[in-house]
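Trainee: The following block contains the structure, expressed as structure tokens.
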Amino acid sequence: MLQGKRIVLGVTGSVAAYKTAWLLRRLVDAGVETQVAMSASATRFMTPMTFQTLSGKPVFTDLWDARVDNHMPHITLSRAADAILVAPASAHFLARVAQGLADDLLSALVLARQCPLLVAPAMNRQMWENPATRRNVACLAADGVVILGPDAGAQACGEEGEGRMLEPDDLFAALTAFFTPRRLRGRRVLLTAGPTFEAIDPVRGLTNLSSGRMGYAVARAAADAGAEVTLVSGPVARAVPWGVRRVSVCSALEMHAAVMERATDVDVFIGVAAVADYRPAHAAGQKIKKDAETLRTLSLVPNPDILAEVAALPDPPLCVGFAAESENLEAHAQAKRRRKNLPLIVGNLIQEGFGGDENHVVLFDEAGAHPLPPADKVTLARQLIEHIAQLLEPEQTA
Ligand code: C5P
């Protein structure tokens, strides 16, 4: 989504400026043409040389910079941008932009822009809560400025509260979302992801090797496309994608309950989780001794098929399944799709995708097979979301 985009990355005076170096690394890696402009106080926290080295371009700090041919860097830089992102945006900077002041390069560049402006506020919690800042932020939002964050948590000053700049990875995700077409705007999407863990006793259980990567990537792609996303996740150690609500569960029964509680209220349900087919008939309350017969011969009972149950609701959401197969992908995936009564199933051969970052998948629907080129899971997730958007609104397909 970001490849080839031209971003002016503005940096103002806050200690959070050190995190912007990592954001810049990520932007450059993603193929974003990034031009850094710093306020004078930003240069007290980070040197222009740091950003110049990372971006491979000279950093601008001065309204009167003679390196720009027409001596108008504020015009030249803002005209060349697809968006301006100011991170961190200090309280003082937000106040100046709200007032339309243009007494340094960054504020002049922002005032002269023809492109969207995104700001990531960073300041002490008291400064953030101050009525003057509240007024300025409300004013900026009303002017169409996109306000990213801030987060709550520990602050550099030792206090705790709202005002931390969003983490660089979250800012990267927010910027990606900003440039993603809003194909699912106003839609509610419910997903499952990860493995389930079926307790045998308080320390043992049955589970599988699902990493949750694909489910989390689909959740992120849906959120980027403008959907309101709830992710019912089995036990995996993954960061919740920006803008996604996670409901953490452990067993298939917990996942089932969490899904059924919400399934009547959504437009799309995507079952990405690798749900255990069976669970121990009885989970022991105490740790079972290793020579106990119950451990040697586990008695199992089937888990509910969450996806099939959602698809069988009287007025079901658009249901999408995953079929990990080891052979005869098309035959097995299409049979599973029909058995579970799904409009769409995503098939993949397990030797090519399980647990890794890359995947090779084929989408199967009523119209047949739609193979996607092998790609990383984030890219595939975006293509899946696009296909779902087309199924929801076929008239937009052309
Ligand atoms: O039947 P099978 O497990 O191969 O089907 C896989 C699809 O069904 C996946 O989308 C998975 O998330 C979903 N599923 C489910 N509940 C189960 C088993 C599978 O939702 N108990």
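Trainee: Residues in region 96-122 that are open to solvent by less than 30 Å² (accessible area, probe 1.4 Å), assigned to a helix (DSSP H, G or I) and in contact (Cβ under 8 Å) with a residue 12 or more places away in the chain: how many?
Mentor: Within region 96-122, residues that are open to solvent by less than 30 Å² (accessible area, probe 1.4 Å), assigned to a helix (DSSP H, G or I) and in contact (Cβ under 8 Å) with a residue 12 or more places away in the chain number 8.
Trainee: Let me ask something else about it. How do the pairs read when you match residues in region 64-92 that are of a type in the set (Phe, Trp, Tyr) with residues anywhere that are part of a loop (DSSP other than H, G, I, E, B), using Cβ under 8 Å and keeping only pairs 6 or more apart or on different chains?
Mentor: Going by the 8 Å Cβ cut-off, the qualifying pairs are Trp64/His71.
Trainee: Just name the residue that is nearest to Ile200 (Cα to Cα) out of those in region 277-300 that are open to solvent by less than 80 Å² (accessible area, probe 1.4 Å) and not hydrophobic (A, V, I, L, M, F, W, C).
Mentor: Once the filter is applied, the top-ranked residue is Pro280.
Trainee: Restricting to region 83-135, what's the tally of residues that are more than 23 Å from Glu159 (Cα to Cα) and polar (S, T, N, Q)?
Mentor: Going through region 83-135 one residue at a time, the tally reaches 3.
Trainee: Sticking with this one: I'd like the full set of residues that are open to solvent by 60 Å² or more (accessible area, probe 1.4 Å) and within 13 Å of Ala274 (Cβ to Cβ), limited to region 210-249.
Mentor: Arg213, Pro235
Trainee: For region 233-248, does any single residue satisfy the condition of being near the ligand (Cβ under 9 Å from one of its atoms) and touching a helix residue (DSSP H, G or I) at 6+ places or on another chain (Cβ under 7 Å)?
Mentor: No, region 233-248 contains no residue that is near the ligand (Cβ under 9 Å from one of its atoms) and touching a helix residue (DSSP H, G or I) at 6+ places or on another chain (Cβ under 7 Å).
Trainee: So, one more: Please specify each residue of region 180-206 satisfying the condition of being within 16 Å of the ligand (Cβ to nearest atom), part of a loop (DSSP other than H, G, I, E, B) and open to solvent by less than 30 Å² (accessible area, probe 1.4 Å).
Mentor: Within region 180-206, Gly194, Thr196 qualify.
Trainee: Now a separate question. So, in region 128-149, of the ones that are over 19 Å from Leu106 (Cβ atoms) and not small (Gly, Ala, Ser), which residue ends up most open to solvent (accessible area, probe 1.4 Å)?
Mentor: Step by step, filter region 128-149, then rank; the result is Arg135.
Trainee: List the number of the failed condition for Ala381; all other conditions in (1) touching a helix residue (DSSP H, G or I) at 6+ places or on another chain (Cβ under 6 Å); (2) closer than 16 Å to Ser211 by Cα; (3) open to solvent by 40 Å² or more (accessible area, probe 1.4 Å) hold.
Mentor: Unmet for Ala381, out of (1) touching a helix residue (DSSP H, G or I) at 6+ places or on another chain (Cβ under 6 Å); (2) closer than 16 Å to Ser211 by Cα; (3) open to solvent by 40 Å² or more (accessible area, probe 1.4 Å): (3).
Trainee: Another question, then. Taking Val259, is it open to solvent by less than 50 Å² (accessible area, probe 1.4 Å), assigned by TED's automatic domain parsing to the domain that holds Ala222, modelled with pLDDT of 95 or more and within 11 Å of the ligand (Cβ to nearest atom)?
Mentor: Yes: the conditions hold for Val259.
Trainee: Tell me which residues, restricted to region 304-343, are in contact with a Cys (Cβ under 8 Å, 6 or more places away or on another chain) and within 17 Å of Val272 (Cβ to Cβ).
Mentor: Within region 304-343, Leu307, Val310, Ala311, Lys340, Leu342, Pro343 qualify.
Trainee: How many residues, within region 33-87, are under 28 Å from the mean Cα position of the chain (by Cα) and aromatic (Phe, Trp, Tyr)?
Mentor: Result for region 33-87: 1.
Yes/no matrix, rows are residues, columns are (1) of a type in the set (Gly, Ala, Ser); (2) in contact with a Lys or Arg (Cβ under 8 Å, 6 or more places away or on another chain):
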{"residue": "Ala273", "(1), (2)": "yes, no"}
{"residue": "Ile288", "(1), (2)": "no, yes"}
{"residue": "Asp291", "(1), (2)": "no, no"}
{"residue": "Arg296", "(1), (2)": "no, no"}
{"residue": "Leu318", "(1), (2)": "no, no"}
{"residue": "Ser326", "(1), (2)": "yes, no"}
{"residue": "His332", "(1), (2)": "no, no"}
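Trainee: If you don't mind, another one. Contact list please: Cβ distance under 8 Å, first residue in region 323-341 and among the hydrophobic types (A, V, I, L, M, F, W, C), second residue open to solvent by 50 Å² or more (accessible area, probe 1.4 Å) and outside any strand (DSSP E or B), pairs at least six apart or on different chains.
Mentor: Hits for this filter: Ala323/His332; Ala324/Ile350; Ala324/Phe354.
Trainee: Out of region 278-322, which residues are among the aromatic types (Phe, Trp, Tyr) and either outside the structural domain of Cys250 (by TED's automatic domain parsing) or within 9 Å of the ligand (Cβ to nearest atom) (or both)?
Mentor: Once the filter is applied, which keeps residues that are among the aromatic types (Phe, Trp, Tyr) and either outside the structural domain of Cys250 (by TED's automatic domain parsing) or within 9 Å of the ligand (Cβ to nearest atom) (or both), region 278-322 yields only Phe322.
Trainee: Right, next: Only one of Ala308, Ala274 is surrounded by 16 or more Cβ atoms within 10 Å (Cβ to Cβ), within 20 Å of Gly215 (Cβ to Cβ) and free of Cβ contacts under 8 Å to residues at least 40 places away in the same chain; which?
Mentor: Being surrounded by 16 or more Cβ atoms within 10 Å (Cβ to Cβ), within 20 Å of Gly215 (Cβ to Cβ) and free of Cβ contacts under 8 Å to residues at least 40 places away in the same chain holds for just one of Ala308, Ala274, which is Ala308.
Trainee: Gly212: within 16 Å of the ligand (Cβ to nearest atom), at positive phi, in the same structural domain as Cys319 (by TED's automatic domain parsing) and within 19 Å of the chain's Cα centre (by Cα), yes or no?
Mentor: So Gly212 passes the test.
Trainee: Is there any pair linking a residue in region 239-259 that is under 24 Å from Leu300 (Cα atoms) to one that is within 16 Å of the ligand (Cβ to nearest atom) and of a type in the set (Asp, Glu), with Cβ under 7 Å and at least six apart or on different chains, and which?
Mentor: From region 239-259, the pairs are Ser251/Glu198; Ala252/Glu198.
The values are calculated or read from the model by the stated rules, or taken from the named source; none is laboratory data. All values reported here derive from a predicted model rather than from experimental measurement. We place every Cβ from the backbone using ideal geometry, glycine too, and count neighbours over all the protein chains shown. With ligands, DNA and RNA removed, areas are computed over all heavy atoms of the protein, side chains included. Shrake-Rupley method; radii C 1.70, N 1.55, O 1.52, S 1.80 Å.
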